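One structure below.
The values are calculated or read from the model by the stated rules, or taken from the named source; none is laboratory data. Everything numeric in this text was worked out from a predicted model, so none of it was measured. Virtual Cβ from ideal backbone geometry, glycine too; neighbours counted across all protein chains shown.
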């Protein structure tokens, strides 16, 4: 892979990034993977400072669900502490946009007028790539320590649980798009700055999540092609989530319908995993489907599984 | 809340249009195709309109990329367990794939009064971004196609699959949202402080201090280049507004008709319940007619002794995992049954050992659904 040092372990390569964008088709378990990556990478010493690494998982979904994974109440937009150096924030794209505008316009009366004006409304809803840039921009400010709500504290890493709708590629291509459309102003500048940030594999990495099923795998492969074509980037990692345990070799399900279901479903999955092995160059890890409801225990087990998979990769 | 009357079959002349809705990844497209196939086998000329079907489903139906341009007939043959319709004949099944960009371009071509107007739209850089990225465009295109089909009236049954949005009602609101966005009046008002009729920036000397500060901040944030582009874009679109508005109104009427029935598909598991209920409630509130709720891919319940905890938590025993999934799905189903209003048909479809890969297995899914619906109706 271009731009990476082959000898460096995958785990430390991931941990060195300032932003990891977790993306994939809806329903594949992006939130579980984002929480698990966060749990795994938080708390260990950051190479630059030697201090425990501070990681923030950033969710952009009107229906919050990451807090459940981490055993927290809904945060309502504030940064919540999940312990062990892991933090969580949920924001809506429009909130992010309004915050950035608010900072640029100190005069309350004018700010209200700007935000209420139909031109701004049309702009906020209609400008291409604007919401995506606001989301990425917020992440960038968190790692640079520029977010006023973070009390001046920097995060070593932000893990963005990308919105389910829309393509991951559009999210990452948005800065370039916006900076072409708007050349000046806070959003134009932010677009240009982010385009650079997102293009730098040392700073920003992309984690693609899929389940071993036809449509999610298809979308994962498309995502990879799109990233290469439009951004000249390779994903850092592919996580194949919710994999059934292998069916015991040499055993036959007989007339047990449960064993037959296990065998057949596992076989369907293996076919998709083989397809990924063929078409996906670069790190590719599997996470098991576990008999556990979503919550901190699930994340704890998945963290152990991911840790092991990371250590075993090449 | 509007219901399909008890005893009314899902497929029949009472509901010439069936709209399959639900979150992504729950098997909507497969169910839509299965219903369409079953309707055709029962002797009704049917069209299935779908977004982005899997390769497996396209293969099962035997249609390729050509279905993006026009409805393509599915070769039904005479395999399968089809009960032919009253006259003994199997109906026709056509499949159509929805492609946002192509439909949009086609629309511009149809409504632009002349070549110059057409070029002004297609060449505007804002259009290039907008057509690809404005939320809801895809959904809007679906209803455009739906309108075309409905106004031609060639089919007795149309089954519409909907795009996989998480907020799946986006789809239904897209026409009015986009028409609102393109509304010439509103935009002219919005842009009036900035541009004169020729699209040139107006002087702002007549504004007071606050006004000038307002303008300079707005300029700083929005950027006048973008505004000028947007203004140009909307001006270029002006001749099209009339047609857009009228069609959006007619599509809305069609979707709200009591003859249009919505089938809500959900995945199993308790975490899906809130979504499903939310969706069902919003459909009702918005005046659409919700028929059955289908909980798809439910794991079977497992009885008998189970192995204890595995040595390695990352490799659970498959039987124990499936037993847990079966328990989880039935827990969720029971919970959902308790929350769904009385009289609303709710059926569960089991997770199959294999996904349908041919017409016979696809039809089996459709028949299974209809049978379970019959039984669910009989319980009331």
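Worth pointing out:
- Tabulated pairs, segment B:343-365, first more than 14 Å from chain A (Cβ to nearest Cβ) and over 19 Å from residue B:53 (Cα atoms), second in a loop (DSSP other than H, G, I, E, B) and at pLDDT below 95, C-beta under 7 angstrom, 6+ apart or interchain: B:343/B:3; B:343/B:380; B:344/B:3; B:346/B:340
- Complete set of residues in segment A:299-314 that are over 19 Å from the mean Cα position of the chain (by Cα) and either in a loop (DSSP other than H, G, I, E, B) or more than 11 Å from chain B (Cβ to nearest Cβ) (or both): A:311, A:312, A:313, A:314
- Residue count for segment B:80-131 satisfying the condition of being modelled with pLDDT under 65, out of contact with any helix residue (DSSP H, G or I) (no Cβ under 6 Å at 6 or more places or on another chain) and over 30 Å from residue A:174 (Cβ atoms): 7.
- Residues in segment B:5-40 that are part of a helix (DSSP H, G or I) and touching a strand residue (DSSP E or B) at 6+ places or on another chain (Cβ under 8 Å): B:28, B:29, B:31, B:32, B:33, B:35, B:36, B:37, B:39, B:40.
- Selection count where residues are assigned to a helix (DSSP H, G or I) and more than 18 Å from residue B:272 (Cβ to Cβ), scope segment A:19-37: 5
- Lone qualifier among B:316, B:310 - being modelled with pLDDT under 90, closer than 22 Å to residue A:288 by Cα, surrounded by 14 or more Cβ atoms within 10 Å (Cβ to Cβ) and facing chain A (nearest Cβ under 9 Å): B:310
- The set of residues in segment A:191-215 that are outside any helix (DSSP H, G or I) and either under 30 Å from residue B:54 (Cα atoms) or within 14 Å of chain B (Cβ to nearest Cβ) (or both) comprises A:205, A:206, A:207, A:208, A:209, A:210, A:211, A:212, A:213.
- Within segment A:139-161, the set of residues being at pLDDT 90 or above and closer than 15 Å to residue A:186 by Cβ comprises A:140 only.
- If you filter segment B:52-70 down to residues that are assigned to a loop (DSSP other than H, G, I, E, B) and more than 11 Å from every other protein chain (Cβ to nearest Cβ), you find that the one that is farthest from residue B:36 (Cα to Cα) is B:69.
- Exactly one residue out of A:139, A:48 is closer than 23 Å to residue A:11 by Cα, more than 10 Å from chain B (Cβ to nearest Cβ) and in a helix (DSSP H, G or I): that is A:139.
- Restricted to segment A:7-18, and to residues there that are in contact with a helix residue (DSSP H, G or I) (Cβ under 9 Å, 6 or more places away or on another chain) and in a helix (DSSP H, G or I), the residue that is nearest to residue A:227 (Cα to Cα) is A:14.
- Filter result for residue A:40 (touching a residue at least 40 places away in the same chain (Cβ under 8 Å), within 15 Å of the chain's Cα centre (by Cα), within 16 Å of residue A:160 (Cα to Cα) and in a helix (DSSP H, G or I)): yes
- Scanning segment A:171-186 for residues that are within 11 Å of chain B (Cβ to nearest Cβ), more than 20 Å from residue A:29 (Cβ to Cβ) and in contact with a helix residue (DSSP H, G or I) (Cβ under 6 Å, 6 or more places away or on another chain) yields A:173, A:174, A:178, A:179, A:181, A:182, A:185, A:186.
- Among residues that are in a helix (DSSP H, G or I), surrounded by fewer than 19 Cβ atoms within 10 Å (Cβ to Cβ) and either in contact with a helix residue (DSSP H, G or I) (Cβ under 8 Å, 6 or more places away or on another chain) or within 14 Å of chain A (Cβ to nearest Cβ) (or both), residue B:303 is not included.
To keep it simple, each residue is scored yes or no on (1) facing chain B (nearest Cβ under 9 Å); (2) crowded, with 18+ Cβ neighbours inside 10 Å; (3) farther than 25 Å from residue A:13 by Cβ.
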position: A:251; (1), (2), (3): no, no, yes
position: A:262; (1), (2), (3): yes, yes, yes
position: A:270; (1), (2), (3): no, no, yes
position: A:278; (1), (2), (3): no, no, no
position: A:282; (1), (2), (3): no, no, no
position: A:289; (1), (2), (3): yes, yes, yes
position: A:297; (1), (2), (3): no, no, yes
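- Of the numbered criteria (1) at pLDDT below 70; (2) more than 14 Å from every other protein chain (Cβ to nearest Cβ); (3) surrounded by fewer than 19 Cβ atoms within 10 Å (Cβ to Cβ), the one residue B:152 fails is (1).
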